[in-house]
Amino acid sequence: MWCRNLTVRYPDQDCAVLNDLTVSLRQGETTLLIGPSGSGKTTFLHVLAGLIPETIEAEVSGEWRADGTVGMLFQQPDDQFCMQTVGAEIAFSLENRSIPRDEMEGRIRTVLKRVGLDLALTTQIAGLSGGMKQRLALACVLALEPDILLLDEPTAQLDPHGRRLMMELIEELHHDPNVTLVLIEHQLEECVTFADRVLVFREGQLRLDGSPLEVFEEKREELIRHGIMSPLLYPYTLETIPLTVATARFLNNPPVARRPVANETTFDLTDVTITHGKRVILDRISLTASAGEWIMLVGRNGAGKSTLLETLAKLLPAQSGTIKLFQTPLKKWRDRTFYQQVGFVFQQPEFQFLKQTVLDELTISCTSPTPGQLNNALQYYRLADVAGQSPLALSLGQKRRLSVATMLLERKAVLLLDEPTFGQDAETAAQLVEVLRRARAAGTTLIMVTHDMELVHRYADRVVVIGEKHIQFDGTPDELFRNESLLEHNQLIRPLSVRYQQREEVKHHAGKRFTARAH
Amino acid sequence: MQENDSLLARINPAVKLGTLVYVMLVLITTSRLPVTFALLLFAAVGVACSGWRLSILLLRLIPYSLLFLLTFWMMAAFGEGETELWTFGWFRITEESLAHAWLVATRMFAFVLLSITFVATTDPTRFVMSLIHQCRLPVRLAYGFLTGLRFIPIFRQAIRTIRQARRIRQQRSIWPWQTFFAISLPLFTTSIIRSERIAIAMEARQFRVERTYYVRPVVTRWDLVFLLMTVTLATSLRLFL
């Protein structure tokens, strides 16, 4: 598979996305593509997959060739299916290859087994979790029996558990000598260990090309200078990293000092039961939140975290029990006054915008907006350049900032957030955390659903584990990360820094060097 | 829409559709009340055989029953006619309008029952596949339709979120059409982007017209028996009752 002098330009853009690219990839090799967003990585994969210029309109010049069948896996788990059921979906790949009907059943079961899905063929796709959908999508691509497999950020939209399973599958594919893998991935930690080659893209050109060791060890300074992420530990592992490396110092950083929270109670739940139809989601749970407290809700997919948030936001009724905000039961609050106190940030920001421009969106968020206040908000949330644009036309990070801005323009007593950092890049996530920290310092109670354990470790005042209809744990992150069985049971993974710190502690107690062992 | 184990579910979807459409045509062409009633009864038998539990069936029929009453009242109270039975204000019920009301309302309800029979016993995938094989529906169009079906639950979820967001931000519109636009605009912009992505994903999986089929409905002897029996019954009801 190779290309020579490849240049691609999209019809509505002035600059070329790919500029005079010459590269060749060898059979059986696993190649990792990295680079900032908009550097042409995805376009490169689209060309290799034969989608450009046939399906996606673009001006292309140069030569390219891919020997063998090409399969491609995309980022969005939901947007790769065209049928209703698991069996029919995989069969779609087989139908396209004109496989006889009698052979299909067997082949479908084989690929399902290969991706570790144990599902009936008539299972509805709509009911699967994101991680399962992405594994099903991989099964569909594998059903094409591709010689070349292109993966475009396959784990970006998955929760940590789904991400880990997906990474294991990709590593398994890497060991298959007949498959050539080309992978775009931001989750570098796992994939540098098995990639044979790393290509660094920037502004449509190939800037670096080499083995992971050459790129990430020798050229690390250059990557950092251009703002390209490099893996945290590589080439070391958690066991072997020396204290002198900057990463180790970062990992060893204790979480931010937690200030004592005020005594004023905001939400107060007693024996609350929430049902969905006849199914009990949460059974007699009790919880108290104080002003200025940052509470993170964690747990498996479908444990009822989002349902709890919706109930707190007065969007779903509780079946029994009492929920009080400032000592007044939720039922006695009038919507108008209630929503002046309580804000809600949805997981998908595009569905919470109500106006045609960003400025209007901010204007309706305060009771008496002044131009100065709005300008400050635009500056603070870095939306000044796009004030006149439609909220729907913003980038993912801008949308997220706007959705938080609309909720925080007026001081709220409580802000509920449903996975606000999900699918966001590191920079946007960091900005978001900064905004939330300030809100918390001003006395707002933050109740946030998240899968990001690093976030829990660094910022949570309190972490609540929800599972099997009950609150399984309610306490500080430190206590949670010491409880091995609880973590295991709820599919929670300790973040890297906690693992590092715990390891250091063991060394310290032992009073001697801890012998490194392969994990 | 779900397939179940009822006898009607086993009939080839295209044949079933053709048969039911024929019954509907018969309904339209008759203006005699006894025939319409007989066909309504016939449709009711169909629904009863559709394999849905009675409680669910009754629940789903409630809106249509209301529609039935409404149609009946409209036709009866505002219809034309000579022989006056009862008047009150604008309402004037005559013998002719009453008879007409019975006819139209019964016809409408029979239509509803026939449609429900079809929907309740037909799996959409099998239906579309049957259209490809028995009615030569173009493959690209058919798969486009199947993909569109996946958007229904996605839309439902999105609409729920938008409504919640409007409640939280205390936005109420004065006119209903404002609500309609507020909800449909983000819905359509996101779904255009998504449908493009799905189309690319389908192309990447080498979607082509020359293909084999996993689900391949065929016309069996039983389908023909069903077709002949129903058509004969409906026609003879029309002609001889």
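Of all residues in region B:135-154, which are away from chain A (no Cβ under 11 Å) and in a helix (DSSP H, G or I)?
Within region B:135-154, B:CYS135, B:ARG140, B:LEU141 qualify.
Can you find, within region A:60-89, the residue that is farthest from the other protein chains (Cβ to nearest Cβ) among those that are closer than 17 Å to A:LEU112 by Cα and in contact with a Phe, Trp or Tyr (Cβ under 9 Å, 6 or more places away or on another chain)?
Filtering first and then ranking leaves A:GLU89.
Would you mind telling me which numbered condition in (1) among the hydroxyl-bearing types (Ser, Thr, Tyr); (2) surrounded by fewer than 16 Cβ atoms within 10 Å (Cβ to Cβ); (3) touching a residue at least 24 places away in the same chain (Cβ under 8 Å) A:THR180 fails?
Result: A:THR180 fails condition (2) only.
Scan region B:200-213 and tell me whether some residue there is more than 7 Å from every other protein chain (Cβ to nearest Cβ) and either exposed (fewer than 13 other Cβ atoms within 10 Å of the Cβ) or under 15 Å from B:HIS133 (Cα atoms) (or both). Steps first, please.
Within region B:200-213, the subset more than 7 Å from every other protein chain (Cβ to nearest Cβ) is B:209.
Imposing the further condition that a residue be either exposed (fewer than 13 other Cβ atoms within 10 Å of the Cβ) or under 15 Å from B:HIS133 (Cα atoms) (or both) reduces the set to B:209.
Scanning region B:200-213, I find at least one residue that is more than 7 Å from every other protein chain (Cβ to nearest Cβ) and either exposed (fewer than 13 other Cβ atoms within 10 Å of the Cβ) or under 15 Å from B:HIS133 (Cα atoms) (or both), so the answer is yes.
Report whether or not A:ARG411 is more than 25 Å from the chain's Cα centre (by Cα), closer than 23 Å to A:LEU432 by Cα, away from chain B (no Cβ under 11 Å) and modelled with pLDDT of 80 or more.
For A:ARG411, the condition - more than 25 Å from the chain's Cα centre (by Cα), closer than 23 Å to A:LEU432 by Cα, away from chain B (no Cβ under 11 Å) and modelled with pLDDT of 80 or more - is met.
If you check A:PHE338, A:PHE353, A:PHE346, which single one turns out to be over 29 Å from the mean Cα position of the chain (by Cα) and either within 14 Å of chain B (Cβ to nearest Cβ) or farther than 30 Å from A:GLU454 by Cβ (or both)? Give the steps one after another, and end with the answer.
Values: A:PHE353 fails: over 29 Å from the mean Cα position of the chain (by Cα); A:PHE346 fails: over 29 Å from the mean Cα position of the chain (by Cα).
Criteria check complete, one pass: A:PHE338.
Within region B:234-241, identify whether any single residue is surrounded by 18 or more Cβ atoms within 10 Å (Cβ to Cβ), closer than 29 Å to A:PHE74 by Cβ, touching a residue at least 12 places away in the same chain (Cβ under 8 Å) and not basic (Lys, Arg), and answer yes or no.
Filtering region B:234-241 for residues surrounded by 18 or more Cβ atoms within 10 Å (Cβ to Cβ) gives B:234, B:237-238.
Cutting the leftovers down to closer than 29 Å to A:PHE74 by Cβ gives us none.
Within region B:234-241 (the criterion being surrounded by 18 or more Cβ atoms within 10 Å (Cβ to Cβ), closer than 29 Å to A:PHE74 by Cβ, touching a residue at least 12 places away in the same chain (Cβ under 8 Å) and not basic (Lys, Arg)), the answer is no, since none of the residues qualifies.
If a residue must be surrounded by 14 or more Cβ atoms within 10 Å (Cβ to Cβ) and farther than 25 Å from B:ILE11 by Cα, how many such residues does region B:53-73 contain?
6
Does any residue of region A:112-129 turn out to be within 7 Å of chain B (Cβ to nearest Cβ), outside any strand (DSSP E or B) and under 26 Å from B:PRO217 (Cβ atoms)?
Kept after step one, since they are within 7 Å of chain B (Cβ to nearest Cβ), are these residues of region A:112-129: A:126.
After this cut, where a residue has to be outside any strand (DSSP E or B) as well, the list is A:126.
Filter once more, so that each one left must be under 26 Å from B:PRO217 (Cβ atoms): A:126.
Looking for residues that are within 7 Å of chain B (Cβ to nearest Cβ), outside any strand (DSSP E or B) and under 26 Å from B:PRO217 (Cβ atoms), one finds at least one in region A:112-129, hence yes.
Residue by residue through region A:191-227, note down the ones that are closer than 17 Å to A:GLU29 by Cα and of a type in the set (Asp, Glu).
Scanning region A:191-227 gives A:ASP196, A:ASP209, A:GLU214.
Considering only residues of region B:214-229 that are buried (at least 18 other Cβ atoms within 10 Å of the Cβ) and part of a helix (DSSP H, G or I), which is nearest to the other protein chains (Cβ to nearest Cβ)?
From region B:214-229, those buried (at least 18 other Cβ atoms within 10 Å of the Cβ) are B:214-215, B:217, B:223, B:226-227; that's our starting set.
Still in the running and part of a helix (DSSP H, G or I): B:223, B:226-227.
Numbers: B:ASP223: 20, B:PHE226: 25, B:LEU227: 26 Å.
Among those residues, the one meeting the criterion is B:ASP223.
Keeping to region A:1-60, report how many residues are in a loop (DSSP other than H, G, I, E, B) and over 18 Å from A:ILE228 (Cβ atoms). Walk me through how you get there before you give the answer.
If we filter region A:1-60 for residues that are in a loop (DSSP other than H, G, I, E, B), which is where we start, we get A:1, A:10-17, A:25-29, A:35-40, A:49-58.
From what's left, over 18 Å from A:ILE228 (Cβ atoms): A:1, A:10-16, A:25-29, A:49-58.
Number of matching residues: 23.
Considering only residues that are over 15 Å from B:SER115 (Cβ atoms) and either over 17 Å from the mean Cα position of the chain (by Cα) or outside any helix (DSSP H, G or I) (or both), which ones fall in region B:50-60? If you could, list the steps in order and put the result at the bottom.
Of the residues in region B:50-60, the ones over 15 Å from B:SER115 (Cβ atoms) are B:51, B:53-56, B:58-59.
Answer for region B:50-60, where residues must be over 15 Å from B:SER115 (Cβ atoms) and either over 17 Å from the mean Cα position of the chain (by Cα) or outside any helix (DSSP H, G or I) (or both): B:GLY51, B:ARG53, B:LEU54, B:SER55.
Would you confirm whether or not region B:55-62 contains a residue that is out of contact with any strand residue (DSSP E or B) (no Cβ under 7 Å at 6 or more places or on another chain) and closer than 16 Å to B:ALA234 by Cα? Give the derivation first.
Filtering region B:55-62 for residues out of contact with any strand residue (DSSP E or B) (no Cβ under 7 Å at 6 or more places or on another chain) gives B:55-62.
Now narrow it down to the ones that are closer than 16 Å to B:ALA234 by Cα: none.
Scanning region B:55-62, I find no residue that is out of contact with any strand residue (DSSP E or B) (no Cβ under 7 Å at 6 or more places or on another chain) and closer than 16 Å to B:ALA234 by Cα, so the answer is no.
Take the residues in region A:138-155 that are more than 21 Å from A:VAL47 (Cβ to Cβ) and among the hydrophobic types (A, V, I, L, M, F, W, C), then tell me which one is farthest from the chain's Cα centre (by Cα). Outline the logic, then answer.
Residues of region A:138-155 more than 21 Å from A:VAL47 (Cβ to Cβ): A:138-140, A:142-143, A:145, A:155.
Applying the additional criterion that residues be among the hydrophobic types (A, V, I, L, M, F, W, C) yields A:138-140, A:142-143.
Details: A:LEU138: 18, A:ALA139: 22, A:CYS140: 23, A:LEU142: 24, A:ALA143: 27 Å.
Step by step, filter region A:138-155, then rank; the result is A:ALA143.
Residue by residue, here is whether (1) out of contact with any His (no Cβ under 6 Å at 6 or more places or on another chain); (2) assigned to a strand (DSSP E or B); (3) at pLDDT 80 or above holds:
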residue: A:LEU165; (1), (2), (3): yes, no, yes
residue: A:ASP176; (1), (2), (3): yes, no, yes
residue: A:LEU183; (1), (2), (3): yes, yes, yes
residue: A:ASP209; (1), (2), (3): yes, yes, yes
residue: A:GLU222; (1), (2), (3): yes, no, no
residue: A:GLY227; (1), (2), (3): yes, no, no
residue: A:TYR234; (1), (2), (3): yes, no, no
residue: A:THR244; (1), (2), (3): yes, no, no
residue: A:VAL256; (1), (2), (3): yes, no, no
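Taking the residues in region A:358-408 that are among the hydroxyl-bearing types (Ser, Thr, Tyr) and closer than 18 Å to A:LEU432 by Cα as candidates, determine which candidate is surrounded by the fewest Cβ atoms within 10 Å (Cβ to Cβ).
Pass one, region A:358-408, residues among the hydroxyl-bearing types (Ser, Thr, Tyr): A:363, A:365, A:367-368, A:370, A:380-381, A:390, A:395, A:403, A:406.
So of that shortlist, the ones also closer than 18 Å to A:LEU432 by Cα come out as A:380-381, A:395, A:403, A:406.
On the way: A:TYR380: 15, A:TYR381: 21, A:SER395: 12, A:SER403: 28, A:THR406: 29.
In this case the residue turns out to be A:SER395.
Can you find a residue in region A:453-462 that is of a type in the set (Ser, Thr, Tyr) and in a loop (DSSP other than H, G, I, E, B)? Full working, then the answer.
Step one: of region A:453-462, the residues of a type in the set (Ser, Thr, Tyr) are A:459.
Still in the running and in a loop (DSSP other than H, G, I, E, B): none.
No, that holds for no residue.
Please state which of the following conditions A:ILE493 fails to meet, knowing it meets all the rest: (1) closer than 21 Å to A:GLY130 by Cβ; (2) buried (at least 20 other Cβ atoms within 10 Å of the Cβ).
Status for A:ILE493: all satisfied but (2).
For region A:424-433, give me each residue that is surrounded by fewer than 19 Cβ atoms within 10 Å (Cβ to Cβ) and part of a loop (DSSP other than H, G, I, E, B). Full working, then the answer.
To start, the set of residues in region A:424-433 that are surrounded by fewer than 19 Cβ atoms within 10 Å (Cβ to Cβ) comprises A:425-427, A:430-431, A:433.
Within region A:424-433, A:ASP425 is the sole residue that qualifies.
Kindly list, by first and then second residue, each pair from a residue in region B:169-197 that is at the interface with chain A (Cβ under 9 Å from one of its Cβ atoms) and outside any helix (DSSP H, G or I) to a residue that is exposed (fewer than 14 other Cβ atoms within 10 Å of the Cβ) and of a type outside the set (Ser, Thr, Tyr), limited to pairs with Cβ atoms under 9 Å and residues at least 6 apart or on different chains.
Pairs found: B:GLN170/A:ASP335; B:GLN170/A:ARG336.
Looking at region A:73-87, which of the residues that are part of a helix (DSSP H, G or I) and in contact (Cβ under 8 Å) with a residue 12 or more places away in the chain is nearest to A:ARG107 (Cα to Cα)? Give the derivation first.
First, pick out the residues of region A:73-87 that are part of a helix (DSSP H, G or I): A:77-80, A:86-87.
Of the ones still in play, those that are also in contact (Cβ under 8 Å) with a residue 12 or more places away in the chain are A:77-78, A:80, A:86-87.
Details: A:PRO77: 22, A:ASP78: 23, A:GLN80: 20, A:VAL86: 13, A:GLY87: 10 Å.
For region A:73-87, the residue satisfying everything is A:GLY87.
For region B:1-52, name all the residues that are among the aromatic types (Phe, Trp, Tyr) and crowded, with 20+ Cβ neighbours inside 10 Å. Before the answer, list the steps.
Step one: list which residues in region B:1-52 are among the aromatic types (Phe, Trp, Tyr), which gives B:22, B:37, B:42, B:52.
Correct list: B:TRP52 only.
The values are calculated or read from the model by the stated rules, or taken from the named source; none is laboratory data. Since the model is a prediction, treat every value here as computed from it, not as a measurement. Ideal geometry is used to build each Cβ from the backbone, glycine not excepted, and the neighbour counts take in all protein chains shown.
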